[in-house]
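To start, the structure under review is shown below, and the notes come after it.
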Amino acid sequence: MKKSALIFFIIMLSIPNSKVFAQDISYEIEVSYHNNQVPLTADITVKVTTGIPGFTYYLMTNDPIHGTILQQSELTKKKNYVFKDVKPGKYFLKIQDNTGTQAGKTVNVLENQM
């Protein structure tokens, strides 16, 4: 019995994209304002620190369940992505990795940032 359990464990480790050991996605978000533009806009940079490439990045209305996708990246192996010229408002930023694991949070682009 122990031998068959060990074989099963080794097989599961060798299967690509196996969700046996789900990994969280860790990330940082930076909002950079274009103070010299009217109306004010910002770039939102996402930097993934843990997760399994390829990633898809989503900028959505501020509803993680039923939100509308406003911008979406192509599937990419890059751990950094920039949403450019985002208008002031509250958004939900979602990241999905190659295993289907998702992470995200609300991002607020301020109207009067100087």
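Values quoted throughout were computed directly from the atomic coordinates according to the rules given, and no laboratory measurement underlies them. Since this is a predicted model, take the numbers as computed values, not measurements. Using ideal geometry, Cβ is built from the backbone for each residue, glycine included, and neighbour counts are taken over all protein chains shown.
When a/c reaches 1.5 or more, the comparison of a/b and b/c decides; with that in mind, is segment 20-109 rounded, prolate or oblate per its Cα gyration tensor? Prolate is the answer for segment 20-109, as a/c is 1.5 or above and a/b outweighs b/c.
Name the residues of segment 50-75 whose amide N is less than 15 Å from a point 7 angstrom out from the Cα of residue 101 along the C-beta direction? It comes to 50-56, nothing else. How much net charge surrounds residue 51 when only the other residues with a Cβ under 10 Å from the Cβ of residue 51 are counted, with Lys and Arg +1 and Asp and Glu -1? Spelling it out: positives minus negatives among the neighbours equals -1.
Take the Cα of residue 24, step 7 Å toward its Cβ, do the same at residue 75, and the gap between the two points is 2.6 nm.
The protection proxy used here, the mean number of other Cβ atoms lying within 10 Å of each residue, ranks peptides 48-56, 62-70 as follows, highest first: 48-56, 62-70.
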